[in-house]
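The values are calculated or read from the model by the stated rules, or taken from the named source; none is laboratory data. What you are looking at is a predicted structure, and each value in this text was computed from that prediction instead of being measured. Cβ placement follows ideal geometry from the backbone for every residue including glycine, while neighbour counts extend to all protein chains displayed.
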Amino acid sequence: MAASSADAPAFTLAYFDVLALGLPTGMVAAHSGLPWRGKDPETFDWPKVKAEEAPFNQLPLLFRPGRRPVAHSAAIARAIAAMAHRSGARPGYDGSDDEDDAAVSDMLIAEALDVYAALQKGQPTCFVKMGDGGKTDTAHDELWSDTGRISLSRHFACLEKLVRDDDEEKSTGLFSKRRTAGEFFLWGVLHQVFLLDAAAFDATPKLKAFYEIVASMPETNPLIEGTSPMGAMRQYFVAGPRQGA
Ligand SMILES: N[C@@H](CCC(=O)N[C@@H](CS)C(=O)NCC(=O)O)C(=O)O
C-alpha cells in the first residue's frame, strides 16, 4: 500500500542534515510503504531532545506514537520493518515470513554498519579532515586497497556472493526473496561509497546491479533529491587523497 500525504504518520525519523546514518535509516523508512515524517527543522531542538529523549544521547532517533523512542540505526531499521510488516504496508519487510530473508536482512544491516565503520576509520568527513581523528594515510590506503581489515573491496567481494541470481520471481540483483529492510539500509551506505568512487563497484557486477536497481526505484529518488521527509542531507564522507583531494 503506498503512503499518501493525507495519512497520519506512523513514525518520525530524526537525524542531522547529513547522509551518514540518515540515508540508511531514511531508505528503510522511504521503502516501508508507511506514511512518515522527518524532524521539523523549525522546532527540532537537539540539545533538549538529547537531554530528555535520546536513550544514548545520539541521533538517529525513531519516534512512534505512544511508544518509547528508538535509538541505534540497526534497531530503528528493525522497528520500522516490523511496523511495515504488521500493518500490511510492506509484508515481509522484516523477513518475518521467511527465515532466510530475516537472516539476510539482519546480516545486511550488520555488514552495512561494518562498511560504515571502515569508512569512519579511513575516509575524511565534512567534519573531520584527513590526519585528524585517526584518519591516517595508511588507513585511507587500506580502505581503498584489496587487502587489510577495512578494505572496501573485500567487503564488496563478500556481498557479491550473497546477491541472489536464481530468483524465479524476477528479483535477480537483490538479496532476499521479498524486499527487506536490510537491503535498503545497505544501499544507504553503498551510495555513500558510490559518491566517492563509482568505480568501486566495477569488480562486483551483481552488487553493482543491486545498487542500480535500488537507485532506480521511485521511493529512492526523493532521498537523493532532498525532497523526502529527511530534507536535504549533505555528503558526509568527502574525497581523500585516493580520490585526488
Ligand atoms: N550506533 C549508533 C551511532 C549513532 C551516532 O554515532 N550518532 C552520532 C552522529 S552520526 C551523534 O548523534 N552524534 C552527536 C552527539 O554525540 O552529540 C547508530 O547506529 O545509530
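Scanning segment 179-227 for residues that are hydroxyl-bearing (S, T, Y) and crowded, with 20+ Cβ neighbours inside 10 Å yields T180, T204, Y211, T220. V193 passes every criterion in (1) farther than 20 Å from L21 by Cβ; (2) assigned to a helix (DSSP H, G or I) apart from (1).
In this structure, G26 does not qualify as on the phi > 0 side of the Ramachandran plot, crowded, with 22+ Cβ neighbours inside 10 Å, in contact with a Ser or Thr (Cβ under 9 Å, 6 or more places away or on another chain) and outside any strand (DSSP E or B).
Applying a threshold of 6 Å to beta carbon distances and a minimum spacing of six or more residues, or different chains, the list of pairs starting in segment 16-45 at a residue that is among the basic types (K, R) and ending at one that is more than 14 Å from the ligand (Cβ to nearest atom) and at pLDDT 95 or above reads R37/P9; R37/T12; R37/P229. Output yes when any residue across segment 214-223 is in a helix (DSSP H, G or I), modelled with pLDDT of 95 or more and within 24 Å of D165 (Cβ to Cβ), and no when none is. Yes, segment 214-223 contains a residue that is in a helix (DSSP H, G or I), modelled with pLDDT of 95 or more and within 24 Å of D165 (Cβ to Cβ).
Restricting attention to segment 7-38, the residues that are in contact with a Phe, Trp or Tyr (Cβ under 9 Å, 6 or more places away or on another chain) and within 16 Å of the ligand (Cβ to nearest atom) add up to 18. In this structure, is K135 crowded, with 19+ Cβ neighbours inside 10 Å and under 18 Å from L196 (Cα atoms)? Answer is yes for this residue.
For segment 73-93, filtered to residues that are touching a helix residue (DSSP H, G or I) at 6+ places or on another chain (Cβ under 6 Å) and assigned to a helix (DSSP H, G or I), the residue that is nearest to the ligand (Cβ to nearest atom) is S73.
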